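The numbers here are math on the coordinates, done by the rules we state, and not lab data. In this text, all values refer to a predicted model and were calculated from it rather than measured experimentally. All Cβ positions, even for glycine, are placed from backbone atoms using ideal geometry, and neighbour counts span all protein chains on display.
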Amino acid sequence: MNTILALETSCDETAVAILRCANGNSGAKLLTSEVASQVAEHEKYGGIVPEIASRNHLVNAPRLLERATRDAKIHLSAIDAFAATSGPGLATSLMVGASIAKGLAIGLSKPYLAINHLEGHLLSPFFGEEGVRRNVSLVVSGGHTMSILVRALADYQLIGRTVDDAAGEAFDKVARMLGLPYPGGPEIERVARAGDPTRFDLPRSMSDSENFSFSGLKTAVRYLLPKIVERFSETPDGEQRLTQTPYKLDERVLADLCASFQQAVVEVLVRKAITAARKYNADLVTMSGGVVCNRQLRQQMADACACEGFEFKSAGSWLCTDNAAMIAFTALLRLEAGLESQVTEEIDPSLALTL
């Protein structure tokens, strides 16, 4: 029996989870999963402020640890291994969770596992299942958009990655242009429900590449806005440029623009995932990451996979946003495979997925 306690503090969510495995991975039971969100603190700034995030982690982590062990009815001495996200992420945030997990591992003479945040997302569609099957995976989060061929645990091949803005970043930036609250992804999806996704013809970038690019799509929206509202400001030299103030659009136009933007992102993600599955002869397509909470993306990917004869598996919505349950699950798989870490291992804000 292995019981894992994991912490996730890569960005602005503080999370603690305890996972117990009695009879192989299929017997894994999540005893508790606690998440403290900081959206309210960062919303007024329109994005994450690292200093505020790390300060809140220091406040939230001890409280969540106490609540997690109490709810799971387990003492820290009964934990078999401790894990934490070691990267990628904000350095000051990563340091909080990793330091706590290392301290507990040293103090209780237990194994420590440094977990890659991206691997946590990558394996989350298999949460609670018996092992990891070969698949083409799409990881779409706030800072990452990539497609990966997963052969087995710790055996990954990068297919494509973002060359500029990730999908989640594009959602946030476009939402800011439109005067929508942070985080932008859920807001654009909400407004888009009443819109026509065919009204505005927006570009689908890098259609012939395995990589992803959403900067051009974001820029296309930026330059479309003044054509809709005919609102420009002039620089001292007379050059016309877009104003930085969010544009006030008619509700119908706003809904149509959000729907058109969302559809452009979704089409690129679906098309590239299906193309990769064909190329690498994978009969399973998986998706994970915060952007996967988008219902249009889930539905259109599921429909495309069904049309092509591929099985489709997505992480549950509660596993898509940052959480410690996926970190605990990845740690459990690695522990049972004999892949432990050293407590001297440093955090790495730019940590890449080991390929």
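At 0.36 nm per residue, minus the direct Cα-Cα distance, what do Glu66 and Asp155 gain on full extension? Give it in nm, one decimal, please.
Additional length available on full extension: 28.5 nm.
Counting only C-alpha contacts under 8 Å and six or more residues apart, can you give the relative contact order of the chain as a whole percent? Intermediate results must be reported in sequence, preceding the final value.
Values: 770 pairs, mean separation 84.5, N = 355.
Here the relative contact order equals 24 percent.
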**OP:** Below 29 Å Cα-Cα, how many Lys pairs turn up in region 138-314? Only count pairs eight or more apart in sequence, or on different chains, if you could.
**Re:** 13
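Quick one: of the DSSP bridges fully inside the chain, what percent are antiparallel, nearest 5?
60 percent
Given Cα positions, please report Rg to Rh for region 138-314, the hydrodynamic radius being the Kirkwood one.
Radius of gyration relative to Kirkwood radius: 1.02.
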**OP:** Taking the Cα centre of the chain as origin, work out the dipole magnitude from +1 charges on Lys and Arg Cβ and -1 charges on Asp and Glu Cβ, in debye rounded to 20.
**Re:** 480 debye
Original post:
How far apart, in nm, are the 7 Å Cα→Cβ label points at Cys307 and Tyr223?
Top reply: 3.0 nm
**OP:** Give the calculated FRET efficiency between Asp283 and Glu130 to the nearest 0.05, with a Förster radius of 22 Å applied to their Cβ-Cβ distance.
**Re:** 0.80
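If neighbour count is taken as other Cβ atoms inside 10 Å, put Glu336, Glu119 in order from fewest to most.
Details: Glu336 14, Glu119 25.
So the residues, fewest neighbours to most, are Glu336, Glu119.
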Original post:
Which ³J(HN,Hα) values, rounded to whole Hz and listed in residue order, are derived for region 156-166 from phi using the Karplus coefficients 6.51, -1.76 and 1.60 in 6.51 cos²θ - 1.76 cosθ + 1.60 with θ = phi - 60°, glycine and proline given as x?
Top reply: 10, 10, 6, 9, x, 9, 6, 9, 8, 6, 6
Original post:
If you line up the Cα atoms of region 123-180 on their principal axes, what length do they span on each, largest first, in Å?
Top reply: 45, 25, 13
Original post:
If you plug each phi of region 260-272 into the Karplus form 6.51 cos²θ - 1.76 cosθ + 1.60 with θ = phi - 60°, what whole-Hz ³J(HN,Hα) values come out, in order, with x for Gly and Pro?
Top reply: 5, 5, 4, 5, 5, 5, 4, 4, 5, 5, 5, 4, 5
Original post:
Label points 7 Å out from Cα along the Cβ direction at Glu43 and Arg199: separation in nm?
Top reply: 2.5 nm
Original post:
Once every DSSP H run of n ≥ 4 in the chain is given -39500 (n - 2.57) and the sum is divided by its residues, what mean residue ellipticity at 222 nm do you get, rounded to the nearest 500 deg cm²/dmol?
Top reply: -13000 deg cm²/dmol
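Which shape class applies to region 272-355: rounded if a/c is under 1.5, otherwise prolate when a/b exceeds b/c and oblate if not, where a ≥ b ≥ c are the square roots of the Cα gyration tensor eigenvalues?
prolate
Find out how many positive minus negative residues lie around Ala17, taking Lys and Arg as positive, Asp and Glu as negative, among other residues whose Cβ is under 13 Å from that of Ala17. Please list the in-between numbers first.
On the way: positive: Arg20, Lys29, Arg67; negative: Glu8, Glu13, Glu34, Asp71, Asp322.
Counting the neighbours of Ala17, the net charge comes to -2.
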Original post:
Once fully extended, how much extra length lies between Ser209 and Ser99, figured as 0.36 nm per residue of separation less the alpha-carbon to alpha-carbon distance?
Top reply: 35.6 nm
**OP:** Evaluate the distance, in nm, between pseudo-label points positioned 7 Å from the Cα of Thr344 and of Arg176 along their respective Cα→Cβ axes.
**Re:** 4.1 nm
